[in-house]
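Below you'll find the structure, written out as structure tokens, and then a few comments.
What follows is calculated from the coordinates using simple rules that are stated; it is not laboratory data. Keep in mind that what you see is a predicted model, and the values were worked out from it rather than measured. Here the Cβ is made from the backbone with ideal geometry for all residues, glycine too, and neighbour counts use every protein chain on show.
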There are 4 protein chains.
Amino acid sequence: MAKAAVLGASGYLGGELLRILSDHPTLELAAAASRSQAGKTLGDVAPNLERYRDLVIRPDLGGVDADVAFLSQGAGEAMAVVPSLLERGIRVVDLGPDYRLPDPAEYERVYGRRHTDPEHLGEAAYGLPELFGDAVRTARLVANPGCFPTATLLALAPLAAAGEIRGPVVVDAKTGSSGAGAQPTANAHHPEAALTVLPYGAPEHRHAPEMTAALGRLGAGPVPITFVPHLVPLVRGILCSIYASPPAGADAGRWTDLYEARYRTSPFVRVGGVPRLPWALGTNRCYLSVQSVGGSPVVFSAIDNLGKGGAAQAVQNANVMLGLDESAGLARAGFGV
Amino acid sequence: MAKAAVLGASGYLGGELLRILSDHPTLELAAAASRSQAGKTLGDVAPNLERYRDLVIRPDLGGVDADVAFLSQGAGEAMAVVPSLLERGIRVVDLGPDYRLPDPAEYERVYGRRHTDPEHLGEAAYGLPELFGDAVRTARLVANPGCFPTATLLALAPLAAAGEIRGPVVVDAKTGSSGAGAQPTANAHHPEAALTVLPYGAPEHRHAPEMTAALGRLGAGPVPITFVPHLVPLVRGILCSIYASPPAGADAGRWTDLYEARYRTSPFVRVGGVPRLPWALGTNRCYLSVQSVGGSPVVFSAIDNLGKGGAAQAVQNANVMLGLDESAGLARAGFGV
Amino acid sequence: MAKAAVLGASGYLGGELLRILSDHPTLELAAAASRSQAGKTLGDVAPNLERYRDLVIRPDLGGVDADVAFLSQGAGEAMAVVPSLLERGIRVVDLGPDYRLPDPAEYERVYGRRHTDPEHLGEAAYGLPELFGDAVRTARLVANPGCFPTATLLALAPLAAAGEIRGPVVVDAKTGSSGAGAQPTANAHHPEAALTVLPYGAPEHRHAPEMTAALGRLGAGPVPITFVPHLVPLVRGILCSIYASPPAGADAGRWTDLYEARYRTSPFVRVGGVPRLPWALGTNRCYLSVQSVGGSPVVFSAIDNLGKGGAAQAVQNANVMLGLDESAGLARAGFGV
Amino acid sequence: MAKAAVLGASGYLGGELLRILSDHPTLELAAAASRSQAGKTLGDVAPNLERYRDLVIRPDLGGVDADVAFLSQGAGEAMAVVPSLLERGIRVVDLGPDYRLPDPAEYERVYGRRHTDPEHLGEAAYGLPELFGDAVRTARLVANPGCFPTATLLALAPLAAAGEIRGPVVVDAKTGSSGAGAQPTANAHHPEAALTVLPYGAPEHRHAPEMTAALGRLGAGPVPITFVPHLVPLVRGILCSIYASPPAGADAGRWTDLYEARYRTSPFVRVGGVPRLPWALGTNRCYLSVQSVGGSPVVFSAIDNLGKGGAAQAVQNANVMLGLDESAGLARAGFGV
């Protein structure tokens, strides 16, 4: 059994990590830490959990022995602890944004703070194993992608690799409210959120530069992306509707083949008809459908923002980094309804 | 045109008052006050409103000339301003709890604060016009009932008056999240509220003593009430399911007749089959259905908590107090869907 | 009082028509017809209605005397009755699709049936009064636009008129389930619809050719539109997110001014910040917001699909045709929450 | 590996059975049958499933070799096949109602059809393992309880066994729409269901006699139950609010202890504070909370209607019947959010 530690156990992503680790056959939860919940047991704060219910939450990861640490915190928190964790020989999967943008100047522009650990920024792998698996396999530090970039990049990669995209791409995302985090806010107050569809993040959501950076890593030429997320009355789930412009002479008939070929060996990506979000709930799966509307490709991409868009993908990254079965703890099926 | 003032314009009940007054033919909005929004226009804070959009919000009602003031604030606020308003000759409809319980000692027990205006407490009418219309007609001060007592008392009055209730009554209420108010809270955070039914308020919700007090006013003998509200994933609307025990030899066949006779002349209470909440949305209507389950009466009562359960009933009370048409501004139909 | 008749009274659009007419000061409901509900009263089928509750539903409009008839039926139904209604001197507002596409061949392609009344197709006005008010004013026959075209065309018109659109336009629409109609279907079955966002209509939704035709009427050059509607877990309401490409040198700073200037005198179109759907519920209003995302215009357009997207706009059209106050019966405010 | 067969694979309970069996370590899916989906693969009809995706659906269970058959069909279907399955040595868990009521005359009264297999009716165990585990352990035929009886009986058993109930019990249940089944209906049509709370089943829901019969099996004296289910805008989940009357001198302080003692060794029943439905989603767990409201016990009981209220409990019954680990395939944690 490898050992895992979780820092940021009281947020929604942290809770989902604990839920997945409760079901993991070869990765054991050695420690859970949360400043706000320290001293309570996991059973106190998460009555849904059974295994590990008597584990006492610690204030931090000081002195913890683990093979991998999952960091689930806001911007600026991870880079304060990553150097010491790595020094202690603990691999890190960071679910926050600190190591997602390769350029520290870009990080400062987007997140409004100076990057304090540029050294490790350079070595961090971008943790989308379907696209960057080789880097993850050998990494000590993985930047777990944002939820919207995960859904978008999996949806764009096959077309981009085949040169079937020209010109601007529109990414219209619809997300459930759990993406807003556990802290009550005006936009996620039930009376405000339950009866509307709320576009937010304009003029530039922080996940847009992350998408652009990752497309660059994929070797796609510069593709301008217009990205607008919308809060919809769901709790979990993201559906991205992605509108691209094809080059002259594109052959729409082969698009689905491109996707199936690209993901044939991926245990977590499924290509088919229009997806339903319950299929993805609580899972590490991404459901893709590519269609031709007026000769242009429209791709629908469905994930659980806390699953493939967060905690489940983090566990997949840890599995890959630690040489475990990539699907360990992640094989359960989503809901039919 | 009579003149109205609203204190507490920025909450949900205050907003609904402004919406109804925007459509009132004979009651003009003379002033709107809110400490937190003072200086802004109504159009700034409520883009849904057209009439009065340029009205500037005041910090309080000092110096305002009005025939009636609607007070929409938390416990303890109304009793601080009611004496001076009455002295200035302004009638008051208080949507808060300060004047609902006739006994100051009971108020102190339930709300945890001493009542500072027992003098006017004695003269306040309990503003359920269908049951206490005579008192409202001549009142200077009306205590607008709580949302749950409104739905419950309209549902129990015909049975109680006919002596068809013996023993304890169970009131199981289901309410939308707007009843929690405009301030974000953990229970009304969308990710927490959207996928569950949350009982709250046990062991004693503050509306239970109000129900008991009002049943006493109706001359019903002491009826023990077990009242449990549940937050359901709706924004507006309350459905109360009310379970009573009949006396020996009760005739279930006449129950619906009792209700129809009682409310035949009420423009706002409808008796019939199982109600749907959209019918009541935005209106001053209460839909009642009485059924026999195993020989015991079960009454379903549906209102909009912000409408008949709050702002619309407050306007009805003002209409009655001021000698206006009781239905003025309140005639519009609810939704079919 | 002018007289109105409604054919198709039992659907959701028909029900909303009856609700609005119940509140109309100068247009009286003379007859309501529905094959499936004939013989019942309006109160039987629509307990939310008060006025007209004793009106008996007729099977059709034969022998009815009215100034205007609202037809709310599926494709192919209106063109069977419009010729005789016009001959009897009754103006018609058709809420179905039969008279929306000016070209009978296009109608046949899109709706899969031959147009049997090409004569009146030529004279029908496209009933978006904010854009085609002159034609509506003098029309005997108005084709009430589809819900999605209404939201889209109001959102595109100012940019299109100013030459600020080049290249393709993406219209990503999110709609509540009432647009699916009153008949239960698999996609609108609650367990299937409540926890997902469902794109539908690809490769070509029937409202796309209607948008293209109407843009042509506006004199905009040929603008390719990629339109994908999505079913979201709402009952009423449409939010369209519209992504356009500006010409070189476009000045994003003037876009909001263009919108405000265009709709300054329109009582039903409001320009401002990001809209909330409750503001539009039950109303004839459209809320628009135009923003620059990476230098390209993104327009958000919010309506009630049964209101401005259907029944309320139909009443607005009737008001204009009959020379009544354009806002009669349509002035009430939407919800704040 | 033991072998399982599922009859009725295309309904919601059938789908949930397949989902759980996809994750079961010691019970293998040998056959899935559905008249309406015969010939398709499981992957065709249930894209959420991975394991068994190539299994071809059969029209019936003729010729199938299995250790246990799960029957998930409407009233009258199971009793037509149970005799032959038992004769073939196949144990049966029936998720339908045919074997729940011990008295064939009562079955006929409630379900409106004659019971055609009274012989096996007598030997069927009532499959609530926490209360009737001994009978399940030795049974060839188990009647899986209805969803509402499951939640109610687990909630009442400790009080009933301790003699802490006198007089009538009110069971006010709130259920998600998946309980209505996969076939679209008017009540579960999204526009009708999403904005209301709909009481149904009065004057007598079919699960009421089942509760009474099971309480009799528990040896409780005759307890009159008033049971009213309400459809709320959820997909999965039942919360029962149960109001009982205590005997004179009841000691509310020991109620929680009674529950904890009763379920201390049950892996699937948790006693604590007010439950949240997401904890139960997709699981076999029941969360109970008992409180004193005005001296009377109020019990809240939360389950997933498709989980502990259906498919998961069916698998638990099969595990017990076959001598497998009772928790096999059922250990996964529910959601925190």
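Structural remarks
- All other residues whose Cβ lies under 12 angstrom from that of residue A:264 are scored, Lys and Arg at +1 and Asp and Glu at -1, for a net of -1.
- Dipole moment magnitude, nearest 20 debye, region A:1-154 about Cα centre, only Lys, Arg, Asp, Glu C-beta charged: 280 debye
- The sum of -39500 (n - 2.57) across all DSSP H runs of n ≥ 4, divided by the residue count of chain D, sets its helix-only mean residue ellipticity at 222 nm to -8000 deg cm²/dmol.
- Within chain A, DSSP assigns beta bridges of which about 45% are antiparallel (rounded to the nearest 5).
- Cα centre as origin, Lys/Arg/Asp/Glu Cβ charges: chain A dipole, Debye: 480 debye
- Part-to-part distance (alpha-carbon centres) for region B:116-175 and region D:28-84, which is given in Å: 57 Å
- Positive-end extreme of charge dipole, region B:85-153 - chosen from B:93, B:133, B:116 (charges on Cβ): B:93
- Average Cα contact separation per residue, chain C, under 8 Å, 6 or more apart, as relative contact order %: 18 percent
- Summing charges over all other residues whose Cβ lies under 12 Å from the Cβ of residue A:84, with Lys and Arg as +1 and Asp and Glu as -1, gives -2.
- With the convex hull constructed from alpha-carbon coordinates only, chain B shows a mean projected area of 16.6 nm² over all directions.
- Taking 0.890 mPa s as the viscosity and 25 °C as the temperature, the Stokes-Einstein diffusion coefficient of region B:209-324 based on its alpha-carbon Kirkwood radius rounds to 156 µm²/s.
- Sequence-separation-based contact order of region C:177-239, relative, with Cα cut under 8 Å and 6+ spacing, percent: 48 percent
- Debye-sum result for region D:147-202 in log10 I(q)/I(0), which assumes one identical scatterer on each alpha carbon, at q = 0.19, 0.31 Å⁻¹: -0.78, -1.36
- Separation of the alpha carbons by more than 23 angstrom is noted, of A:40/A:308; B:3/B:40; B:308/C:308; A:174/D:308; D:3/D:40, for A:40/A:308; B:308/C:308; A:174/D:308.
- Shortest-first distances to equivalent copies, position residue D:222, nm, label 7 Å out along Cβ: 3.1, 8.2, 8.5
- Backbone HN-Hα couplings from phi across region C:236-253 [Karplus 6.51/-1.76/1.60, Hz, Gly and Pro as x]: 10, x, 10, 10, 9, 9, 10, 10, 10, 10, x, x, 4, x, 5, 10, 4, x
- Using the Cβ-Cβ distance between residue A:137 and residue C:217 with R0 set to 60 Å, the FRET efficiency from 1/(1 + (r/R0)^6) comes to roughly 0.55.
- Label-to-label distances for residue C:206 across copies, nearest first, come out at 3.8, 4.6, 5.3 nm, using points 7 Å from Cα in the beta-carbon direction.
- Shielding value for C:282-293 is 3, the average number of Cβ atoms from other chains within 10 Å of each residue's Cβ.
- Neighbour net charge for residue B:37 - beta-carbon separation under 13 angstrom, K R +1, D E -1: +1
- For residue A:61, no residue 5 or more places off, or on another chain, has a built amide H under 5 Å of its own.
- Spin-label zone in region A:54-74 - amide nitrogen under 13 Å from a point set 7 Å from the Cα of residue A:35 along the C-beta vector: A:59-61, A:73-74
- Taking A:235, C:293 and counting other C-beta atoms within 10 Å, the order from fewest to most: C:293, A:235
- Over all directions, the projected convex hull of the C-alpha atoms in region A:189-242 averages 4.6 nm² in area.
- Selected from C:221, C:32, C:337, residue furthest toward positive end of dipole (chain C; charges at beta carbon): C:337
- Kyte-Doolittle at least -0.5, axis length at least 18 Å by Cα - qualifying DSSP helices, chain D: D:147-161
- Separation of region B:204-278 from region B:321-337 is 22 Å, based on Cα centroids.
- Label-to-label distances for residue C:38 across copies, nearest first, come out at 4.2, 6.5, 7.8 nm, using points 7 Å from Cα in the beta-carbon direction.
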